[in-house]
1. Once you place label points 7 Å from the Cα toward the Cβ at D193 and S151, how far apart are they in nm?
2. Roughly how many nanometres apart are two label points built 7 Å out from the Cα toward the Cβ at K298 and D88?
3. Under the 0.36 nm per residue contour assumption, what length would be gained going from the current alpha-carbon distance of E144 and E129 to full extension?
4. For R76, put the label point 7 Å out on the Cα→Cβ axis and report which residues of the range 113-130 keep their amide N under 11 Å from it.
5. On a full-extension model of 0.36 nm per residue, what is the gain between A235 and E200, subtracting their alpha-carbon distance, rounded to one decimal in nm?
6. Given K189/K298; K183/K302; K183/K290; K157/K179; K263/K290, which pairs have Cα atoms separated by over 25 Å?
7. Enter the per residue convex hull volume of the range 252-313, computed from alpha-carbon coordinates, in Å³ rounded to the nearest integer.
8. What distance in nm lies between label points placed 7 Å from Cα along the C-beta direction at N111 and R210?
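Every number in this text was worked out from the coordinates using simple rules, so none of it is lab data. Treat the numbers as computed from the prediction; the structure is a model and nothing was measured. Glycine gets a Cβ as well: all are built from the backbone with ideal geometry, and neighbour counts include every protein chain shown.
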Amino acid sequence: MRKPTGSARRSARRPDRKRQPVLKKGSRAPAAKPSARKNGGAGRPVEARPAPAKAARVAERRMVGAEADMAATGSRGKYVYCIIEATDPLRFGPIGIGADPSDVYTVHYRNLAAVVSDAPLEVLDSTRENVLAHERVNETVMREHTVIPMSFGTIFKTREDIVELLRSAAEAFGDVLNKMQNKLEFGLKVLWDRDMAIREVEGDDEDIGRLKKEISGQKGPTYFARMQYGRLVDAALQTRSERYVAHILDQLRDVSVASRINKPIGDKMIMNAAFLISREKETAFDARVKSIAGRFDKLTFKYTGPWPPYNFVNIRLKLERA
């Protein structure tokens, strides 16, 4: 069922509340999930690749070696949420992972800091509660800091291991933080009523309309006619959806730094994109999305954010076993 038309609205994420879907033209939409996929706009994701120094390999082996100890009763490790630039110790309160939210604080090496909490040294289940806690911490920190979000479930055995990671990858982390300075991510999903779109192409395309009438009027086998009809409809829908997406991307290009197109989910979604936005352009981007949504009453817009730049930062730690 098509949602009511009107201006698109988004809701800012509140780390102290359970995440709710963010916007459909006037309502809320499912929160975006971190995903890195095909590049649909300017620039590739910034990659932080720690140098293969001996010290780095030591820290990485310790991280992987932690897997062997995860069954040990009472073992505690350090769960890492993100990397920021900070010289003074910081505390963010009891907002971390755990049935009783754990205290979140920083571990430092020079001007770099890992945002962490104490956690059991075990493989964490990606339950809704755990994933929301991971995101809640990142969103709390990003209010005042540029963040490099770490993957869910990143656990080190000791504080010293984290310091070694920061030391060995200091140059790479610093480069990414510099490029992501004062930038935020927003998600935009666009959906349509596929049945309505099919009816429209049947009316607009003479060949499709003719085949439709032939199939409905034939009494004998219609297999080949139906095959041809299906191919023509799919091609027409693809062309039409690509035209919508190209127009939307073009309208958002001057208010965004970069965009990435991810794979649509289901047959109703025609666009699944992430946009990297400078903080000073947030209001302009917000207004532009609302303007576009108001012009396309046959489409449903789901707009989420702000997020840490999940789609635009690719942290690759080369893990080696001892």
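1. So the two model labels end up 4.2 nm from each other.
2. According to this spin-label approximation, the distance is 5.7 nm.
3. Details: separation 15, 0.36 × 15 = 5.40 nm, distance 2.41 nm.
Stretched out fully, the E144 to E129 stretch lengthens by 3.0 nm.
4. 118-121
5. The span from A235 to E200 would gain 11.3 nm if fully extended.
6. Numbers: K189/K298 14 Å; K183/K302 21 Å; K183/K290 20 Å; K157/K179 30 Å; K263/K290 23 Å.
Violating the 25 Å limit, Cα to Cα: K157/K179.
7. 89
8. Roughly 6.9 nm, to one decimal.
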